[in-house]
Amino acid sequence: MLAATLSLTFVLAGGAIPNSCVACHTTLSDQRLSNPTRLFAGQDVHREKGFECVDCHGGSPTNADKAKAHDFAGKESAMAFRGKPAGQAVIATCARCHSDAELMRTFAPKQRVDQAAEYATSVHGKQLATGDAKVATCASCHGAHGVRLVTDAKSPVFPTNVAGTCATCHADPTHMAGYKLADGSPLPTHQLADYRKSVHYTALTKGNDLSAPTCNDCHGNHGAAPPGVGSMANVCGTCHVVFAQKFETSVHKQIFDKGCVECHSNHAIAKPADEMLGTTGHGICAPCHSNTDKSDKGAAAADSMRTRIEQLKTAVAGSNQLISGVKNAGIEVSDQELALREASTKVTLARTEMHAFNPELVDPIIDQGMNIVGTVNRAGENGVAELRYRRRGLAASLGAILLVVVGLALKVRQVDKKV
């Protein structure tokens with residue numbers, strides 16, 4: 001806090017005193033020592049707020065003598081030179097400001113100030129507390145120099161960049177060697193490759209949906225931890241609320257240890273499709289159920305729900321085709337089109353209710369949709385009959401007109417002969 005105050009005084013005074021940190025480091029040939037000044041001089045949120053090197057590294061930025069600049073104020077002073085912080089020192093350096101509610105109100109009133117406390121509860125923080133120097137700290141994800149706002153598209157923690165940032169460590173087999181899962185098996189490193197196959201990644205990167213989940217949405221960011229067995233459904237249910245509520249009432253709730261992951265996987269989440277429901281083809285029920293076993297009620301339930309959903313989808317598609325043909329012929333069908341949209345919502349509702357895994361809950365929804373389709377089809381058939389009537393009337397009218405024209409032609413010819 002003292003360093004930040006002194007540095008700000010130094011900057012706000014007009015910058016009349018040269019910053020010896022920058023003056024020295026920009027001339028060094030070792031890029032490890034010169035690059036930080038270049039990055040910090042660019043777009044850095046801390047520099048833009050008036051902070052300088054001394055706020056994190058200590059020392060004396062007004063002393064041109066290297067030894068005196070580094071030895072300034074003594075080791076116990078807030079201005080003591082700290083060089084490059086590592087491990088717990090990184091957390092402590094960042095937390096000096098980011099855990100100070102009064103200070104943060106000055107620069108970012110809306111920003112939380114519990115990041116360091118939350119980090120201590122994370123798998124990273126716990127590993128760091130044991131002396132593991134390989135785990136991620138603040139600078140691992142946010143960077144140290146050239147730090148950008150989370151809302152900056154070039155920030156390593158911007159939603160579209162989070163997966164790549166996490167993968168810097170988690171996709172590196174060498175870096176992750178030795179880390180184990182709860183069951184003792186090696187921690188996998190294919191999470192990024194799996195995630196890039198998922199419907200979430202497609203929505204985030206190709207659909208430009210920044211609300212689509214990436215690593216920290218499920219695992220947390222500062223309090224990062226693998227979702228436990230008991231919390232998996234809650235993690236998915238944060239976004240998929242209705243599906244989670246239906247699942248809570250299902251027989252599978254008591255059977256599936258990993259909840260949603262049992263059917264949908266975790267990182268390589270495929271786009272849900274009706275073909276997934278059932279024990280044949282692309283059905284995912286087969287590992288637990290068999291449609292050849294007549295006593296398997298689960299297989300019968302899955303196949304029944306899939307059949308009913310397909311029945312309504314086919315009926316809606318056929319009715320749409322009927323109504324479209326009538327509409328193209330000039331018949332007013334706006335009411336029927338609205339009704340068909342309602343029938344389509346019944347398909348969606350059935351897909352949602354299916355997560356309760358009870359055909360008795362799905363069947364009434366399908367029946368409602370089929371009744372709507374039946375009403376629309378009757379209107380469509382009446383439209384077709386109306387078109388036939390109009391066409392017959394038009395044909396009769398054209399025939400009568402043709403007879404009149406022929407009669408007039410004959411009459412004109414007869415008059416011409418008399419003349």
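Looking for something surrounded by 14 or more Cβ atoms within 10 Å (Cβ to Cβ), under 25 Å from C53 (Cα atoms) and touching a Lys or Arg at 6+ places or on another chain (Cβ under 9 Å) - is there at least one such residue anywhere in the range 115-124?
No, the range 115-124 contains no residue that is surrounded by 14 or more Cβ atoms within 10 Å (Cβ to Cβ), under 25 Å from C53 (Cα atoms) and touching a Lys or Arg at 6+ places or on another chain (Cβ under 9 Å).
Do any helices (runs of 4 or more DSSP H) lying entirely in the range 235-333 carry at least 3 residues that are closer than 30 Å to I372 by Cα and among the hydroxyl-bearing types (S, T, Y), and which ones are they? Outline the logic, then answer.
Working: elements: 241-248, 261-264, 297-328.
Qualifying helices (runs of 4 or more DSSP H): 297-328.
I need the full set of residues from the range 65-86 which are loosely packed, with under 15 Cβ neighbours inside 10 Å, at pLDDT 80 or above and either under 30 Å from D132 (Cβ atoms) or of a type in the set (A, V, I, L, M) (or both), in order please.
Matches in the range 65-86: A67, G83, K84, A86.
Any chance you could count how many residues in the range 132-146 are surrounded by fewer than 14 Cβ atoms within 10 Å (Cβ to Cβ) and either in contact with a helix residue (DSSP H, G or I) (Cβ under 7 Å, 6 or more places away or on another chain) or touching a residue at least 12 places away in the same chain (Cβ under 8 Å) (or both)?
Applying the first criterion (surrounded by fewer than 14 Cβ atoms within 10 Å (Cβ to Cβ)) to the range 132-146 yields 132-133.
Add one more test, that the residue is either in contact with a helix residue (DSSP H, G or I) (Cβ under 7 Å, 6 or more places away or on another chain) or touching a residue at least 12 places away in the same chain (Cβ under 8 Å) (or both), and what stays is 133.
Going through the range 132-146 one residue at a time, the tally reaches 1.
Please determine whether any residue of the range 33-53 is among the acidic types (D, E), part of a loop (DSSP other than H, G, I, E, B), at pLDDT 80 or above and exposed (fewer than 15 other Cβ atoms within 10 Å of the Cβ).
Keep residues of the range 33-53 that are among the acidic types (D, E), which gives 44, 48, 52.
This time we only want the ones that are part of a loop (DSSP other than H, G, I, E, B), so: 44, 52.
Filter once more, so that each one left must be at pLDDT 80 or above: 44, 52.
Then drop every residue that is not exposed (fewer than 15 other Cβ atoms within 10 Å of the Cβ), which leaves none.
Among the residues of the range 33-53, not one is among the acidic types (D, E), part of a loop (DSSP other than H, G, I, E, B), at pLDDT 80 or above and exposed (fewer than 15 other Cβ atoms within 10 Å of the Cβ), which makes the answer no.
Which residues, taken from the range 174-189, are more than 22 Å from G143 (Cα to Cα) and exposed (fewer than 13 other Cβ atoms within 10 Å of the Cβ)?
Correct list: A177, G178, K180, L181, A182, D183, G184, S185, P186.
What pairs can you find where one residue is in the range 147-171 and surrounded by fewer than 17 Cβ atoms within 10 Å (Cβ to Cβ), the other is in a helix (DSSP H, G or I) and not hydroxyl-bearing (S, T, Y), and their Cβ atoms are less than 6 Å apart, with a gap of 6+ or different chains?
Filtered contacts from the range 147-171: L149/V45.
Considering only residues that are out of contact with any Lys or Arg (no Cβ under 7 Å at 6 or more places or on another chain) and without any contact (Cβ under 8 Å) to a residue 12 or more places away in the chain, look in the range 183-195 and name the one that is nearest to H267 (Cα to Cα). Spell out the reasoning first.
Step one: filter the range 183-195 for residues out of contact with any Lys or Arg (no Cβ under 7 Å at 6 or more places or on another chain), giving 183-185, 188-195.
Next cut, without any contact (Cβ under 8 Å) to a residue 12 or more places away in the chain only: 183-185, 188.
On the way: D183: 19, G184: 20, S185: 18, P188: 12 Å.
Within the range 183-195, the match that is nearest to H267 (Cα to Cα) is P188.
Could you grab me the full set of residues in the range 247-262 that are surrounded by 13 or more Cβ atoms within 10 Å (Cβ to Cβ) and either of a type outside the set (S, T, Y) or in contact with a strand residue (DSSP E or B) (Cβ under 6 Å, 6 or more places away or on another chain) (or both)?
Answer for the range 247-262, where residues must be surrounded by 13 or more Cβ atoms within 10 Å (Cβ to Cβ) and either of a type outside the set (S, T, Y) or in contact with a strand residue (DSSP E or B) (Cβ under 6 Å, 6 or more places away or on another chain) (or both): F247, E248, V251, H252, K253, F256, K258, G259, C260, V261, E262.
Mind telling me which of the residues A356, A379 ends up being in contact with a Phe, Trp or Tyr (Cβ under 9 Å, 6 or more places away or on another chain) and either closer than 30 Å to M305 by Cα or in contact (Cβ under 8 Å) with a residue 24 or more places away in the chain (or both)? Full working, then the answer.
Details: A379 fails: in contact with a Phe, Trp or Tyr (Cβ under 9 Å, 6 or more places away or on another chain).
Answer to the selection: A356.
The values are calculated or read from the model by the stated rules, or taken from the named source; none is laboratory data. What you are looking at is a predicted structure, and each value in this text was computed from that prediction instead of being measured. Every residue, glycine among them, receives a Cβ derived from its backbone with ideal geometry; neighbour counts consider all protein chains shown.
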